């Protein structure tokens, strides 16, 4: 391993990079440049238990400060890397620091997509990405009677669930004609919409915001269909964009993220990229993917460090995700994009079921609602490119791992 490591970014992936450096007994210097002022922490609870007040801030931290002191980490928090000089092997920060590196890890993550509409700069309009964002939203919810949520993805639905648990009226505005439209089947969309409506959440589907109105702060959201939604606050959750600009400016290959090989190396062998900003080849799906998940950030960080130490471990994991809404736990194994058949296992009305996704007869993803066994058994099957018998797959009485292989005309 090199004499000096620089990590650009101080989020979850950076925390795992540091943990793996310690496991590898790295004895050189480590400099971490992070735009936020907090030590590396977990982001998923920001829209779940931390937002609801059920999780203290101390439990968000990836590791305590004493852990990093043992590794002699030089944290440059409240700064961000603005330039990479590959020839000199040096980065520059917006605070004017110039830091040399032998190995550079890019863990720059992503930033929220923002709306640019009349009134979109009014106070009371929030985006959720950072600890400070979540703190501001918590303060807003404390004094709110009704809010609007723009976007019916994971973050939007999770925030809505927290707000309803606090007795706040919620209206969700979604440009698609169903919730979670980009990630789940219509059956799952209908289930989660029904669950939220049953908890008192209102929906404006197939609707887009036109403007925000208010005197001094947001008071209402006007939609393109002519409707107006009164709101004490608006939370916008319409996805993120990868922070890959400094990589592109340095001449590294980018394509919806920082392009790497299966070893998490960029087009410069001294630079690695991990986490939300990484666009890597997936052997499981036969294409390049960029994943926004804790599992991806942790495993890529581990692999990047061991490879920088001289190994050649390929990243070939089945991605997984989760979402907590009310008393429902949605666990997702794999990526359902491009599926041609969806098979429901169990009765959605039981609130414990799953949906298996097939493409060309092979299992590519499983969404499990309060069904952890299906979730756990799905991951190795997806990795093995399992081709299940569809009839047996639809029977919830047959464990996923016991579903027989489909019989073909040739077999």
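General remarks:
- Global size of segment 316-406 as Cα Rg and Dmax, reported in angstrom: 12.0, 37
- Multiplying each eigenvalue of the alpha-carbon gyration tensor of the chain by 5 and taking the square root yields semi-axes of 35, 31, 18 Å, largest first, rounded to whole angstroms.
- Helix-derived mean residue ellipticity, 222 nm - over the chain, DSSP H n ≥ 4, -39500 (n - 2.57), to 500: -7000 deg cm²/dmol
- Förster radius 25 Å - calculated FRET efficiency between residue 111 and residue 25 (Cβ-Cβ, nearest 0.05): 0.10
- Isotropic mean projected area of the C-alpha convex hull, segment 106-145 (nm²): 3.8 nm²
- Projected over every direction and averaged, the convex hull enclosing the alpha-carbon atoms of segment 1-107 yields 6.8 nm².
- For segment 1-57, the spread of Cα positions along the three principal axes, ordered from largest to smallest, is 43, 23, 13 Å.
- Extended-chain gain in nm, criterion 0.36 nm per residue less alpha-carbon gap, residue 350 and residue 121: 78.1 nm
- DSSP beta bridges fully contained in the chain are about 60 percent antiparallel.
- Both the radius of gyration and Dmax for segment 39-156 are 18.2, 56 Å, in that order, over alpha-carbon atoms.
- DSSP beta bridges in segment 121-238 [antiparallel fraction, %, rounded to 5]: 30 percent
- If the convex hull is drawn through the Cα atoms of segment 125-236, its volume per residue in Å³: 95 Å³
- Inter-part distance where segment 231-297 and segment 77-96 are each reduced to a Cα centre, Å: 19 Å
- At an R0 of 41 angstrom, the distance between the Cβ atoms of residue 215 and residue 87 translates into a FRET efficiency of 0.15.
- Alpha-carbon centroids, segment 329-390 and segment 1-65: separation in whole Å: 32 Å
- Two-site FRET efficiency, residue 385 against residue 98, from Cβ-Cβ distance with R₀ of 45 Å, rounded to 0.05: 0.40
Bear in mind that the values in this text are calculations on the coordinates, not laboratory data. Small disclaimer: the values here were computed from a predicted structure and weren't measured. Cβ: placed from backbone, ideal geometry, glycine included. Neighbour counts: every protein chain shown.
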